[in-house]
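Step one of this worksheet: look at the structure below.
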Amino acid sequence: MEIKSTPVYLSLLKRLLIFSLIAGSIAGILYFLLPAKFITPALPFLFLFFIAVTLINSYILIKASQKKFLRYLNVYLLTTVLKLFLFTAIIITYVLFNKADLVPFTISFFILYLGYTTFEVVWLVSFSKAGKP
């Protein structure tokens, strides 16, 4: 089933940027309300990282949806596993080099992981209900 991926991808990009602006605004408010020890200095980079990973993953899934459903399913499962390995490697590497920021970084990473994963799942469900994959 062929679909035009550009409009779908641009729609995703727009929604992702709106979601990220809202999440970033909440993080900005918390930056001023919470003590400095609770906020990781890597937070802006975490936002950029999750935006990039979500865009790349969604692009791959959009392209896979143009092929057979079994191919789409295999690509979805593979990207999910690769993301988990990547996320684990990022956390371990950061913590090894910056032990003092262990708790704030891990909590921030986990919260952003939950937020962006929820965003991606909601988007994938709406994408699949539209008859794409």
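Nothing in this text is a laboratory measurement; each read-out follows from the coordinates by a stated rule. Quick caveat, the model's predicted, so the values are computed rather than measured. In this analysis, Cβ positions are derived from the backbone assuming ideal geometry, glycine residues included, and neighbour counts consider all displayed protein chains.
Laid out as a table, the results:
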{"quantity": "Listed residue (Y116, Y76, I22) projecting farthest to the positive dipole end of region 5-129, Cβ model", "calculated": "Y76"}
{"quantity": "Tensor-based shape of region 63-133 (alpha-carbon gyration tensor, a/c under 1.5 rounded, otherwise prolate or oblate)", "calculated": "oblate"}
{"quantity": "Region 29-53 versus region 87-133: alpha-carbon centroid distance in Å", "calculated": "13"}
{"quantity": "Leading residue at positive end of dipole, region 5-129 (Cβ point charges), from V53, F32, T6", "calculated": "T6"}
{"quantity": "Extension gain (nm, one decimal) between Q66 and I18, 0.36 nm per residue minus Cα-Cα", "calculated": "14.6 nm"}
{"quantity": "Region 5-129: C-alpha gyration tensor shape, a/c 1.5 cut-off, then a/b vs b/c", "calculated": "oblate"}
{"quantity": "Stretchable slack from F97 to F45, in nm (0.36 nm times residue separation minus alpha-carbon distance)", "calculated": "17.1 nm"}
